[in-house]
Amino acid sequence: TGAESTVVAIAGDARGRPSGRIVCVGARERGDDGVGPLVADEIRHTYPDVDVRECRDSFDLLDVIGDAGTVVIVDAARVAGDGAGSPSVPGTVHVVADLEQAQVSLGLSSTHGFGPSDVLALAGTVGGAQATVTLVAVVGESFDIGADVSGAVTAAVPAAAEQAVRLLGQGSGLPGQP
């Protein structure tokens, strides 16, 4: 399904901009960790009215999330397991509404060491981050400094961008829900 065929209804603010935002995490110079910025580029090109922001690592999330009510985070991930058909195949896109549960059931972990669930849990203890947050995680395979984004992860960029915009439009964080 191409991004241009997707119908997205996003509630807007007084200027017509979406009330939520997509935050893409990653560093372009660290191999597959660069998927976040590539998805941000895709969203800006294909969906110019969507509020998309970038940050290099999870520590910057709270500043970038700000006062948004709905946030979709796009990030590269490592997933436990191996083999064809497993959740760890590079380029696989996971939609995660419960970040803590994803760490347990999928073995999902951030490539940044201190991931989105850690940042949001910390924010909750100090009275911040009241947003509804969903993670779009793209499984990567190489995160070496100076490496290029792998072909499998590059191929997943349009699907990850479309999924993130669709989730933002739904506002609930779960596919198929109003």
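Starting from the Cα-Cα distance between Ala97 and Thr132, subtract it from 0.36 nm times their residue separation and give me the gain in nm to one decimal.
Computed gain between Ala97 and Thr132 is 11.7 nm.
Spin-label point model (7 Å from Cα, Cβ direction): what's the Thr154 to Glu29 distance in nm?
2.0
What is the distance, in nm, between label points placed 7 Å from the Cα along the Cα-to-Cβ direction at His45 and at Val64?
Computed distance between label sites His45 and Val64 equals 1.9 nm.
Every number in this text was worked out from the coordinates using simple rules, so none of it is lab data. On a predicted model such as this, the values are computed, not experimentally measured, just so you know. Reconstructed Cβ throughout: ideal geometry from the backbone, glycine too, with neighbour counts over all protein chains shown.
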